[in-house]
Amino acid sequence: MSSTSLAARPGATPHRAAVASLVGTTIEWYDFYLYATAAALVFGPLFFTDADPATGVLASFATYAAGFGARPVGAVVAGHLGDRIGRRAVLVGSLILMGAATTLIGVLPTYPAAGLLAPVLLVVLRLAQGVAVGAEWAGAVLMAVEHAAGERRRGLFGSFPQIGSSAGMLLASGVYASVLAIAGKDAFLAGAWRIPFLLSIVLVGVGLAIRLTLADPAVFAEARETGTLARRPVLEVLRTEWRTVLLTIGSRIAQNSVYILATTFALTYLAQGTEAPEGAGLTAVIVASAIGLFSTPLWAVLSDRVGRKPVYLVGAVGAPLFLGVFFLLLDTGSTALIVVAMVVLVNLFHDAMYGPQAAWYGELFATRVRYSGASLGYQIGSVIGGTTPLVATALLLAGGGRPWLIWGYFGLLFGVTIVSTVLSPETHRTGLGHDARSSA
């Protein structure tokens, strides 16, 4: 069957695939980021009641990090299945797993009711979330990028599932802030915090209805029909494309970490270390997430014109230089300046990396191992990012409440990312056939 005939099938157009990927990833990231917000603000007193506030925050961030540790597991399982049986089947499974885990968090007993069982169950469900996200990202991205295999706008189409990250954060922060405002702080801690988690089951139903309308991309279907798929894709990509996997991991590390620093750790930093009004951090995250709906695809479009690497380096070089200013603006306690700090770090510098990333990682690997390669690089690179709130909190304490050790730590992370970016090949004019390298 030809690419043309497959591409003409209902549900297989680049635009439809991109929009469907956006909706699905928005729902999955809503679930994942909802936990991040709760970990920063409420899980400490609810699930680690006997600990002092600082230790409770550290313990809460440790459970947050556990989800990132599970993401490579999801990447391995999904990489094998996605490269063997298809992209759509894995996406459906990951959405169901994520929705189930998030909904169950909404009915967990807290420490006063169940003792140590409460944080144990919280960690188990966070691990399930991590596996789901580890399976999700590459599938959603490849649905968009591979459906646009013959397009010169793969960066734009690939950015749609990336927009899902901003949309998911916007949705999670908005729902969280709305419930908190309506219920009040006491009622929120008493039980209203569960409402955003329970809403996940409704969103998952919407996501499933949309994802089930999609077909696997033509380029993958052709590889399957011609018998050119890898038998053991994970092992093959690690054997034949190990250097590309390592470069992908390296380029991902700082991008993921700085986003988590801004949208998760900064909430705790503002709440416990500054005179900022209550809710200033959430307001800044919401504003940056809303702008991210537009800045992410704009950076991706630019990468379609000038290349993935130049755009990526704008963020990789600019973010660490701005990070010191970021903390100075947070320390002012001014809501307006906090919003400015968040927008510059997230939308100007982070999104310059995040926008082109989906298309770039997909273009780096051949079709037979593309799910495995892109997924492993992306998710292994996410593990260090998941420890960011925990490491940043520890460095803040070690620095006597000043953030300069954090800045130094991020200088090292961005050093790795800049070197990895420079060493990676440029791909924006590369074909996306059975073997991406053969048409370079």
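The values are calculated or read from the model by the stated rules, or taken from the named source; none is laboratory data. Since the structure is predicted, the reported quantities are computational estimates derived from the model, not experimental observations. Please note: Cβ atoms are built from the backbone with ideal geometry, for glycine as well, and neighbour counts cover all protein chains shown. In case anyone asks, the SASA skips ligands and DNA or RNA and just uses the protein heavy atoms, side chains included. Shrake-Rupley method; radii C 1.70, N 1.55, O 1.52, S 1.80 Å.
Okay, here's what the table says:
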item: Given (1) in a helix (DSSP H, G or I); (2) out of contact with any Gly (no Cβ under 9 Å at 6 or more places or on another chain), index of the condition Gly333 fails; result: (1)
item: Residues of region 232-252 satisfying the condition of being without any contact (Cβ under 8 Å) to a residue 12 or more places away in the chain and not aliphatic (A, V, I, L, M); result: Arg239, Trp242, Arg243
item: Residue among Thr103, Thr25, Thr55 that is more than 26 Å from Thr228 (Cβ to Cβ) and out of contact with any helix residue (DSSP H, G or I) (no Cβ under 6 Å at 6 or more places or on another chain); result: Thr55
item: Single unsatisfied condition, Trp193 versus (1) more than 23 Å from Ile85 (Cβ to Cβ); (2) open to solvent by 20 Å² or more (accessible area, probe 1.4 Å); result: (2)
item: Options Ser251, Ser257: the member that is under 17 Å from Trp407 (Cβ atoms), out of contact with any His (no Cβ under 6 Å at 6 or more places or on another chain), surrounded by 21 or more Cβ atoms within 10 Å (Cβ to Cβ) and of a type outside the set (A, V, I, L, M); result: Ser257
item: Residue satisfying all of: in region 12-26; in a helix (DSSP H, G or I) and open to solvent by less than 10 Å² (accessible area, probe 1.4 Å); farthest from Gly174 (Cα to Cα) among these; result: Ala17
item: Tally, over region 111-150, of residues that are in a loop (DSSP other than H, G, I, E, B), open to solvent by 10 Å² or more (accessible area, probe 1.4 Å) and in contact with a Leu (Cβ under 9 Å, 6 or more places away or on another chain); result: 2
item: Region 166-186, residues that are within 10 Å of the chain's Cα centre (by Cα) and either more than 18 Å from Phe32 (Cα to Cα) or surrounded by fewer than 24 Cβ atoms within 10 Å (Cβ to Cβ) (or both); result: Gly168
item: Test: residue in region 282-293 that is under 25 Å from Tyr33 (Cα atoms) and free of Cβ contacts under 8 Å to residues at least 12 places away in the same chain; result: no
item: Restricting region 217-243 to residues that are open to solvent by 40 Å² or more (accessible area, probe 1.4 Å) and modelled with pLDDT of 90 or more, the residue that is farthest from Ile85 (Cα to Cα); result: Arg243
item: Selected residue [at pLDDT 85 or above and either charged (D, E, K, R) or not in a helix (DSSP H, G or I) (or both)] from Leu91, Leu108, Leu95; result: Leu108
item: Filter result (open to solvent by 10 Å² or more (accessible area, probe 1.4 Å), hydrophobic (A, V, I, L, M, F, W, C), over 15 Å from Leu261 (Cα atoms) and in a helix (DSSP H, G or I)) within region 28-69; result: Trp29, Leu46, Ala54, Ala59, Ala66
item: Pairs where the first residue, in region 95-113, is in contact (Cβ under 8 Å) with a residue 24 or more places away in the chain and the second is of a type in the set (S, T, N, Q) and not in a helix (DSSP H, G or I), C-beta under 7 Å, 6+ apart; result: Tyr111/Thr49; Pro112/Thr49
item: Inter-residue pairs, beta-carbon under 9 Å, first more than 24 Å from Leu170 (Cα to Cα) and aliphatic (A, V, I, L, M) and in region 296-320, second open to solvent by 10 Å² or more (accessible area, probe 1.4 Å) and outside any helix (DSSP H, G or I), 6+ apart; result: Val306/His428
item: Selection count, region 73-88, where residues are assigned to a helix (DSSP H, G or I) and out of contact with any Leu (no Cβ under 8 Å at 6 or more places or on another chain); result: 6
item: Test: residue in region 154-177 that is assigned to a loop (DSSP other than H, G, I, E, B) and closer than 21 Å to His15 by Cβ; result: no
item: Exclusive hit being touching a residue at least 12 places away in the same chain (Cβ under 8 Å), surrounded by fewer than 20 Cβ atoms within 10 Å (Cβ to Cβ) and among the hydroxyl-bearing types (Ser, Thr, Tyr), set Thr263, Thr213; result: Thr213
item: Residue in region 369-392 that is assigned to a helix (DSSP H, G or I), open to solvent by less than 30 Å² (accessible area, probe 1.4 Å), farther than 19 Å from Pro425 by Cβ and of a type in the set (A, V, I, L, M, F, W, C) present; result: yes
item: Region 18-58, residues that are among the hydroxyl-bearing types (Ser, Thr, Tyr) and either farther than 30 Å from Arg211 by Cβ or touching a strand residue (DSSP E or B) at 6+ places or on another chain (Cβ under 7 Å) (or both); result: Thr49, Thr55
item: Qualifying residue in region 340-356 (condition: over 20 Å from the mean Cα position of the chain (by Cα) and open to solvent by less than 10 Å² (accessible area, probe 1.4 Å)); result: yes
item: Answer from Leu247, Leu293 - the residue that is modelled with pLDDT of 95 or more and of a type in the set (A, V, I, L, M); result: Leu247
item: Selected residue (criterion: farthest from Val325 (Cα to Cα)) from residues of region 412-427 that are open to solvent by 40 Å² or more (accessible area, probe 1.4 Å) and part of a helix (DSSP H, G or I); result: Leu423
